[in-house]
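The structure appears right after this line, and notes come after that.
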Amino acid sequence: MTPRSNAAEAWYQEPQSGAAEYEIPLDLLPPPSLTQPLWRSLVGNLRDTFAPEKLPPLNLTSRPVNVGLLVGDRVSLPWFRTVFTNIGDVISPEVLPPLELESQPVDVGELLTDQLSHLWFGSLLRNLADRISPETQPALQLTAKPVLDVVPKSWLLLPMWSEVIDAPKVFYPDKPKAAAPPRPLNLKPEPTPAEVQLVAVEKLTASDLVRDIRRSRIRQRIWMGLAAVQVAYLVAAMFWIR
């Protein structure tokens with residue numbers, strides 16, 4: 001497989017006769033450990049555990065950094081170890097060396113959390129001060145050169161015709177609608193609907209009305225009596241029953 005394409009043939013000369021073309025090895029097969037039998041992988045793991053391979057010492061070109069206890073070791077600790085560690089950190093915290101900054105600090109002003117922790121009248125006074133006597137900022141230093149002719153003079157800009165023509169608007173009348181054909185008259189007599197049979201409703205007599213009125217008055221007296229008993233009980237509980 002050659003690393004060139006058809007589009008790049010014009011950029012390279014044809015290889016000379018007898019010269020071997022540069023080929024990129026392409027291996028899409030799975031690793032051999034995938035088809036390794038179970039007993040062979042078990043023997044390899046036991047050999048790495050009891051007789052690991054001796055490697056040369058590691059040459060570090062950078063300064064190592066103490067990151068403390070790793071996350072895997074911290075998770076594997078029992079629960080009482082973490083409790084004792086937290087208590088020890090609260091009572092006697094670890095004294096760390098001063099932080100070494102390799103970059104130049106930049107003054108960003110007051111942090112957002114500090115601004116939110118102030119009371120409301122502090123921000124009100126600050127806004128009034130900024131409005132009355134704003135802080136003078138130094139001139140902005142631009143490192144890019146301004147572009148003089150954004151639109152070249154050789155270009156011809158033509159406005160839209162609707163922006164040039166000034167004429168009154170003309171509204172044409174609507175087209176007349178076609179007259180609807182006359183509907184044929186139906187001179188046949190329509191059949192009369194069947195007479196609706198009304199259900200005879202029994203008329204209320206004077207005795208029934210008197211009986212309903214008497215029952216409603218009885219219910220009214222019962223409810224009024226219950227309300228009076230409740231009011232009397234509340235008044236008695238307020239003044240006498242202690």
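The values are calculated or read from the model by the stated rules, or taken from the named source; none is laboratory data. Because the structure is a prediction, the values reported are computed rather than measured. Note: ideal-geometry Cβ built from the backbone for every residue, glycine included; neighbour counts use all protein chains shown. Protein only, heavy atoms only, side chains kept; ligands, DNA and RNA dropped before computing areas. Shrake-Rupley method; radii C 1.70, N 1.55, O 1.52, S 1.80 Å.
The table below lists the values:
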item: Options Pro152, Pro173, Pro184, Pro105; residue that is out of contact with any Lys or Arg (no Cβ under 7 Å at 6 or more places or on another chain) and open to solvent by less than 100 Å² (accessible area, probe 1.4 Å); result: Pro152
item: Number of the exception - Ile91 against (1) modelled with pLDDT under 85; (2) exposed (fewer than 10 other Cβ atoms within 10 Å of the Cβ); result: (1)
item: Residue check for Glu9: surrounded by 10 or more Cβ atoms within 10 Å (Cβ to Cβ), at pLDDT below 85 and either within 49 Å of the chain's Cα centre (by Cα) or in a loop (DSSP other than H, G, I, E, B) (or both); result: yes
item: Search result, residues across the range 113-138 that are of a type in the set (A, V, I, L, M, F, W, C), part of a loop (DSSP other than H, G, I, E, B) and open to solvent by less than 90 Å² (accessible area, probe 1.4 Å); result: none
item: Residue that is least open to solvent (accessible area, probe 1.4 Å), among those in the range 25-72 that are of a type in the set (D, E, K, R) and at pLDDT 85 or above; result: Asp48
